[in-house]
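Reading through the structure tokens given below for one structure.
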Amino acid sequence: MFGFLKKSPKPEPHKQDATEEPDAQPATPVGPDAVVAVETIDMPVADSRPDPQAQVPVPAAAPTAPRLSWAERLKAGLSRTRQQLGGGLAGLFGRRKIDEDLLEELETTLLMADCGVEATQHLLDELRRRWKRDKLETADQLQQALAEGLLAVLSPLEQPLEITTHKPFIIMIAGINGSGKTTSIGKLAKYFQAQGKSVLLAAGDTFRAAAREQLQTWGERNNVTVIAQESGDSAAVIFDAVNAARARGIDIVLADTAGRLPTQLHLMEEIAKVRRVIAKADPSAPHEVLLVLDANIGQNALTQVKAFDAAIGVTGLVLTKLDGTAKGGVVAAIARQAPKPLRFIGVGEGIDDLQPFKAREFVDALFARAPGAGNDTRA
Ligand SMILES: Nc1nc2c(ncn2[C@@H]2O[C@H](COP(=O)(O)OP(=O)(O)O)[C@@H](O)[C@H]2O)c(=O)[nH]1
Ligand SMILES: [Mg+2]
């Protein structure tokens, strides 16, 4: 059954002051028997940040019509990056012979796909080495070598999230506004449920009432408990959620947080506080700190990984919106310059458009329709 835990309003709601550590004690004990009802009230917001989304969408419900397989959706989702990369390669690989000019053009192509200077240099060095060592001659062989090089770069990022080490397994979600945090939580809840796990959501984005409503609507639709409260303190909401999950024997807690930019130092301090308060509810938690990145931001992703890592110790990444970008090469930049386990990638707004990252699958999809025959990277 769908149920909310009732919370009495706190006598003294925690302030937004980032420097103040809350006592982190819930005003009322929460337990499995606590009842229903969350009021949705617009909280006064301490600072006015731009809200890019007047309407906050809820993830699309599971489609009834037969859908493409994940491999097909990944391929479709990566089509823009493939055009950027593969399109460039098509031009390049149409030529017969490998020479320095071709390698230079390839370098430009990789940079345009947002692979970043470091990964591009690494891939090029590797190609030059193999060109000499393996006596590569044809463009097709070069493409094959590039696919292999990319696979080697990306493979270390493939580290699936292991959620059975703790119960409840507490996952904290962070990122900038609009990166896809809340919709990813919906998708992940569905994903974990499909594995027979029970899930509880914490509406920890307390800056915007719409964010809480978005999560609640999703919870209602999918029969997932959402812990929310009308007071404005993210840390307290998530603290309560951890306790509720423990009381109910829940497997996984997904904790939403408000979007923030790394340059908003007081907000970065605030999320560090959220993390500390979670540890007060469970000293081993959070068990995963997921940073959600929009693939469209390109090289900014590196700055975000480093800044969020410094503030809250990022343990994994979710890369969303690969379907809308020609900059999918950013995965290679992350791998070389800010490596963190890439737990999930998103290629659309559908409920099952977020899946664990698999390097081989990703590279295969990227080179799926590149011209030239005779390589095994094609789908
Ligand atoms: N095309 C596409 N859209 C996505 C993906 N992930 C999230 N979105 C959309 O991005 C927008 C912002 O998502 P939201 O979860 O509200 O962002 P939040 O501010 O980080 O919580 C919504 O319209 C989502 O549907 C994705 O993988 N592909
Ligand atoms: Mg959100």
Check region 112-132 and report whether any residue there is without any contact (Cβ under 8 Å) to a residue 12 or more places away in the chain, more than 16 Å from ligand 1 (Cβ to nearest atom) and part of a loop (DSSP other than H, G, I, E, B). no
Just a yes or no: is a residue in region 280-289 within 16 Å of ligand 1 (Cβ to nearest atom), under 14 Å from the mean Cα position of the chain (by Cα) and within 22 Å of ASP114 (Cβ to Cβ)? no
Residues to consider are ALA211, ALA228; find the one that is within 16 Å of ligand 2 (Cβ to nearest atom), among the hydrophobic types (A, V, I, L, M, F, W, C) and more than 19 Å from the chain's Cα centre (by Cα). ALA228
Condition met for VAL242 (surrounded by 24 or more Cβ atoms within 10 Å (Cβ to Cβ), more than 22 Å from VAL331 (Cα to Cα), among the hydrophobic types (A, V, I, L, M, F, W, C) and away from ligand 1 (no atom under 16 Å from the Cβ)): yes
List, please: which pairs have Cβ atoms under 7 Å, are six or more places apart or on different chains, and start with a residue in region 254-268 that is at negative phi and of a type in the set (S, T, N, Q) and end with one that is within 15 Å of ligand 1 (Cβ to nearest atom) and assigned to a loop (DSSP other than H, G, I, E, B)? THR257/GLY204; THR257/ASP205
Considering only region 285-294, I want to know if a residue exists there that is outside any loop (DSSP other than H, G, I, E, B), without any contact (Cβ under 8 Å) to a residue 60 or more places away in the chain and either at negative phi or not hydroxyl-bearing (Ser, Thr, Tyr) (or both). no
The correct count of residues that are within 16 Å of ligand 1 (Cβ to nearest atom), in contact with a strand residue (DSSP E or B) (Cβ under 7 Å, 6 or more places away or on another chain) and in a helix (DSSP H, G or I) in region 193-235 is 3
Quick one: in region 57-78, of everything that is at pLDDT 90 or above and small (Gly, Ala, Ser), which residue is surrounded by the fewest Cβ atoms within 10 Å (Cβ to Cβ)? SER69
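The values are calculated or read from the model by the stated rules, or taken from the named source; none is laboratory data. Bear in mind the structure is a predicted one, so any value in this text is a computation, not a measurement. All Cβ positions, glycine included, derive from the backbone under ideal geometry; neighbour counts span all protein chains shown.
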